[in-house]
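Shown next, in C-alpha cells, is the structure this report addresses.
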Amino acid sequence: MGAITGTVVKKTELSGEYQTLILTATPAAASDTVTLTAADHGMDEIIFAHAHLTAGLDANLTLLQTSHDSGAVITIKQLKADGATEASDWTGAALEIIVIGRVADNT
C-alpha cells in the first residue's frame, strides 16, 4: 500500500458546511491511500468518495474500488481486467477522485 498525493482541481460549497472536492492523483501500487486535511483540502471528514481512471486503462489496470474511513483517508484498490487480481502496471495511469465532505466540528 502506498500513500499518494491528491492534487485539488476544483472545490465548491454545497448546502451548509458540506463541500465537493475533485482531486487528481497518479496511482502507484495495487492499493493506494489519499489523506485529506483541513489545511490542504478544506475538509477532514469524508461523506462520500469515488475514484475513476482518466488514463492508463488496459488489461493490467482496469477496475478501481474506493473506500474511506470515518475520518479523512481514502483507499483506492486497483485491479486487473478479471476483477480479482491486483493491478501490476501503472504506466501512464491517472485517476480522479470526487469527494463530498466537510471540516469536522471539533468544538
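FYI, it's all coordinate maths here, none of it is from the lab. Predicted, not measured: the structure shown is a model, and the values here were computed from it. Cβ atoms come from the backbone with ideal geometry, glycine included; neighbour counts cover every protein chain shown.
Just a few scattered comments:
- Residue in the range 15-36 that is free of Cβ contacts under 8 Å to residues at least 12 places away in the same chain and either touching a helix residue (DSSP H, G or I) at 6+ places or on another chain (Cβ under 8 Å) or not small (Gly, Ala, Ser) (or both) present: no
- Those residues of the range 51-95 which are of a type in the set (A, V, I, L, M) and under 13 Å from residue 34 (Cβ atoms), in sequence order: 51, 64, 72, 73, 74, 76, 95
- Filtered residues of the range 30-47 (kept if within 12 Å of the chain's Cα centre (by Cα), closer than 17 Å to residue 77 by Cβ and not acidic (Asp, Glu)): 31, 33, 34, 35, 46
- Restricting attention to the range 22-41, the residues being over 13 Å from residue 4 (Cα atoms) and either part of a strand (DSSP E or B) or in contact with a Lys or Arg (Cβ under 6 Å, 6 or more places away or on another chain) (or both) number 1.
- Qualifying residue in the range 1-16 (condition: assigned to a strand (DSSP E or B) and surrounded by 16 or more Cβ atoms within 10 Å (Cβ to Cβ)): no
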